[in-house]
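Peer 1: Got a structure here, written out as structure tokens. Questions coming.
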Amino acid sequence: MKLYTAKLAPNPRRVHMFLAEKGLWETVERVQLDLATETKVPDHLGRNPMGLVPVLELDDGRFLTESRAICSYLEHLNPEPNLMGETPEERAFIEMFDRRVEWGVLLPLANWVRHGHPGLAVLEKPQIQDYAEASSEKAKAAMVWLDADLAERDYVAGNRFTIADITAFAAIEFARLVKFKPWEIYPNIARWRDAVKARLSADAALA
Ligand SMILES: N[C@@H](CCC(=O)N[C@@H](CS)C(=O)NCC(=O)O)C(=O)O
């Protein structure tokens with residue numbers, strides 16, 4: 001397997017941390033692409049017509065895209081440690097929380113960064129400052145419910161670490177690019193982030 005990936009980008013980082021949690025970080029070859037110049041070119045559009053990363057190239061030559069689909073594949077191939085749920089109920093609730101943070105936290109934070117950071121103007125054409133501002137409001141509102149959720153349990157989807165923590169961590173670390181540090185404001189997010197950052201996989205996540 002080969003992973004087409006990029007530095008600093010939150011969706012690739014989700015897969016990085018998932019691989020590291022599974023003990024696979026060193027075993028999957030990684031190809032770093034420059035998002036500004038190497039994703040909207042024929043070679044990469046052949047792997048993913050949307051020109052995005054991450055893309056996992058399977059051993060039979062097929063290309064698997066979408067971070068969550070890649071993680072599901074890795075989870076089925078390598079069931080331990082379990083990150084996506086053991087029972088039907090647990091799987092459904094972890095998916096619910098993962099999608100909640102993907103759409104409710106990662107998406108507005110990513111749009112804030114992509115539309116607000118001058119360095120990302122090359123990816124977001126047109127870059128719309130009003131959209132950055134509106135997304136920042138949505139992201140800040142999401143921190144209120146995320147902090148309240150984390151007051152009730154240790155991790156995003158319950159009392160153990162799961163894929164939902166990986167998605168939320170990748171999102172929140174990306175917000176540094178617009179100097180948003182919710183852990184300095186919200187105590188439960190701070191406690192949770194410290195716990196996630198202390199994991200060995202956090203280094204891979206931030207690679
Ligand atoms: N839904 C996709 C989103 C992938 C995505 O948006 N990737 C970004 C990096 S985080 C990208 O490749 N951006 C390049 C671009 O916008 O040109 C997933 O979950 O993998």
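The values are calculated or read from the model by the stated rules, or taken from the named source; none is laboratory data. Not measured: the values here are computed from a predicted model. Virtual Cβ from ideal backbone geometry, glycine too; neighbours counted across all protein chains shown. All accessible areas refer to the heavy atoms of the entire protein, side chains included, with ligands and DNA or RNA removed. Shrake-Rupley method; radii C 1.70, N 1.55, O 1.52, S 1.80 Å.
Peer 1: Output yes when any residue across the range 177-195 is over 17 Å from His16 (Cα atoms), touching a Lys or Arg at 6+ places or on another chain (Cβ under 7 Å) and in the same structural domain as Asn111 (by TED's automatic domain parsing), and no when none is.
Peer 2: The answer is yes, given that some residue of the range 177-195 is over 17 Å from His16 (Cα atoms), touching a Lys or Arg at 6+ places or on another chain (Cβ under 7 Å) and in the same structural domain as Asn111 (by TED's automatic domain parsing).
Peer 1: Another question about this same structure. Return the residues of the range 2-35 that are charged (D, E, K, R), closer than 25 Å to His117 by Cα and open to solvent by 10 Å² or more (accessible area, probe 1.4 Å); say none if nothing qualifies. Before you say what the answer is, go through the steps one by one.
Peer 2: Here is the first cut: in the range 2-35, the residues charged (D, E, K, R) are 2, 7, 13-14, 21-22, 26, 29-30, 34.
From what's left, closer than 25 Å to His117 by Cα: 7, 13-14, 34.
Hits for the range 2-35 are Lys7, Arg13, Asp34.
Peer 1: A follow-up question, please. Can you find even one residue in the range 68-84 that is outside the structural domain of Phe174 (by TED's automatic domain parsing), in contact (Cβ under 8 Å) with a residue 12 or more places away in the chain and near the ligand (Cβ under 9 Å from one of its atoms)?
Peer 2: Yes: the range 68-84 contains one or more residues that are outside the structural domain of Phe174 (by TED's automatic domain parsing), in contact (Cβ under 8 Å) with a residue 12 or more places away in the chain and near the ligand (Cβ under 9 Å from one of its atoms).
Peer 1: Within the range 93-119, can you find the residues that are surrounded by fewer than 18 Cβ atoms within 10 Å (Cβ to Cβ) and within 16 Å of Ala36 (Cβ to Cβ)?
Peer 2: First, pick out the residues of the range 93-119 that are surrounded by fewer than 18 Cβ atoms within 10 Å (Cβ to Cβ): 93, 96, 99, 103, 107, 117-119.
Answer for the range 93-119, where residues must be surrounded by fewer than 18 Cβ atoms within 10 Å (Cβ to Cβ) and within 16 Å of Ala36 (Cβ to Cβ): His117, Pro118, Gly119.
Peer 1: Anything in the range 145-160 that is β-branched (Val, Ile, Thr) and either open to solvent by 40 Å² or more (accessible area, probe 1.4 Å) or not assigned by TED's automatic domain parsing to the domain that holds Ile185 (or both)? List them, or say none.
Peer 2: As a first pass, look at the range 145-160 and keep what is β-branched (Val, Ile, Thr): 156.
Matches in the range 145-160: none.
Peer 1: What residue, of Glu57, Glu38, Glu66, is more than 22 Å from Val113 (Cβ to Cβ), surrounded by fewer than 21 Cβ atoms within 10 Å (Cβ to Cβ) and at pLDDT 95 or above? It would help to see each step written out before you state the result.
Peer 2: Numbers: Glu38 fails: more than 22 Å from Val113 (Cβ to Cβ); Glu66 fails: more than 22 Å from Val113 (Cβ to Cβ).
Matching residue, one of Glu57, Glu38, Glu66: Glu57.
Peer 1: In addition: What single numbered condition from (1) surrounded by fewer than 17 Cβ atoms within 10 Å (Cβ to Cβ); (2) closer than 12 Å to Pro12 by Cβ fails to hold for Leu52?
Peer 2: Only one criterion in (1) surrounded by fewer than 17 Cβ atoms within 10 Å (Cβ to Cβ); (2) closer than 12 Å to Pro12 by Cβ is unmet by Leu52, namely (1).
Peer 1: So is Met50 more than 9 Å from the ligand (Cβ to nearest atom) and either out of contact with any Ser or Thr (no Cβ under 9 Å at 6 or more places or on another chain) or of a type outside the set (Ser, Thr, Tyr) (or both) or not?
Peer 2: Working: more than 9 Å from the ligand (Cβ to nearest atom): no; either out of contact with any Ser or Thr (no Cβ under 9 Å at 6 or more places or on another chain) or of a type outside the set (Ser, Thr, Tyr) (or both): yes.
Judged against the criteria, Met50 is not a match.
Peer 1: Considering the range 15-27 alone, what residues qualify as being within 16 Å of the ligand (Cβ to nearest atom) and either under 9 Å from Pro54 (Cα atoms) or more than 10 Å from the chain's Cα centre (by Cα) (or both)? Reasoning before the result, please.
Peer 2: Our first condition is that a residue be within 16 Å of the ligand (Cβ to nearest atom); within the range 15-27, this holds for 15-19.
Passing the criteria: Val15, Leu19.
Peer 1: Being surrounded by fewer than 16 Cβ atoms within 10 Å (Cβ to Cβ) and aliphatic (A, V, I, L, M) narrows it down to one of Ala142, Ala134, Ala207, Ala171, so name that one. Can you show your working first?
Peer 2: On the way: Ala142 fails: surrounded by fewer than 16 Cβ atoms within 10 Å (Cβ to Cβ); Ala207 fails: surrounded by fewer than 16 Cβ atoms within 10 Å (Cβ to Cβ); Ala171 fails: surrounded by fewer than 16 Cβ atoms within 10 Å (Cβ to Cβ).
Within the list Ala142, Ala134, Ala207, Ala171, the selection yields Ala134.
Peer 1: Let me ask something else about it. Residues that are free of Cβ contacts under 8 Å to residues at least 24 places away in the same chain, at least 1 per element: which helices (runs of 4 or more DSSP H) completely within the range 119-207 meet that? First the steps, then the outcome.
Peer 2: Working: elements: 129-152, 163-174, 187-197, 201-205.
Passing ranges, in order: 129-152, 187-197.
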